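All remarks here apply to the structure that follows.
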Amino acid sequence: MIFCTNFMFQLTLILGTARVGRQSEKVANYILKKIAGRSDLEVTFVDVKDHIHGRTIPPWENSELTRPWRDLVKASDGFWIVTPEYNYNFPSELKMLLDQELGNYAGKPVAFASVSSGGFGGVRAIEHLVPLARRIGLIPLLADLNFSKVAELFEKSEAELDASYAVKITTIIDKLLNFGAKK
């Protein structure tokens, strides 16, 4: 068996809300900071607000507006979606983004980080994202990351955040990379 030792995993980290004052941006930036500089992956940060166009543009329209997203999905080996929980679900703009592509998600892993102002950390958003991810061909990891009471959480020092989240972030990245190595 031959293993490719110079494989660079292409991860797309998605900030899944365009809402003004979004707390999820703090979480996405924290994750990005914790995984930056790794020699085994390249991260592309995607802000959903840069890829939605006021309506759902289905992939069969082959629109030039969605070409940057389609190209990015095609080049990605896996995804990590950071989403808030709005009304027990994930934001509609995230659905609009994901719906712009279909074929190039097939067989790629996806991890989730959910965010909420309450005590459940956005778990219900992930409960709704998992069936969608499966439907479009993504393979959801069994490990999720939940950020409860996010405004209070990010008032803490980075060392306090790291005590709760740094190891979990590394574990999820390792699971994504492990999945990619089996391809």
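Every number in this text was worked out from the coordinates using simple rules, so none of it is lab data. Computed from a predicted structure; not experimentally measured. Cβ placement follows ideal geometry from the backbone for every residue including glycine, while neighbour counts extend to all protein chains displayed.
Between the alpha-carbon centres of the stretch 102-156 and the stretch 32-63 there is a gap of 15 Å. Based on DSSP H segments of at least four residues, each scored -39500 (n - 2.57), the chain has a per-residue ellipticity at 222 nm of -12000 deg cm²/dmol. Along the axis of the charge dipole computed for the stretch 31-181 (Cβ charges of +1 for Lys and Arg, -1 for Asp and Glu, origin at the Cα centre), the listed residues F154, I126, I35 are led at the positive end by I126. When you count the other C-beta atoms within 10 angstrom of each residue and take the mean per peptide, 105-117, 155-167, 59-71 line up highest first as 105-117, 59-71, 155-167. Across all directions, the average flat footprint of the convex hull enclosing the Cα atoms of the chain is 10.9 nm². Relative to the compact-globule estimate of 2.2 N^0.38 Å, the Cα radius of gyration of the stretch 89-174 comes out at 1.20.
What does the charge count around K156 come to, taking other residues whose C-beta lies under 13 Å from its C-beta (Lys +1, Arg +1, Asp -1, Glu -1)? Net charge in that neighbourhood comes out at -3.
Of all lysines in the structure, those lying under 29 Å Cα to Cα from K95, and not within fewer than 8 positions of it along the same chain, are K26, K33, K34, K49, K74, K108, K149, K168, K175, K182, K183. For the stretch 1-154, DSSP calls about 5 percent of its internal beta bridges antiparallel.
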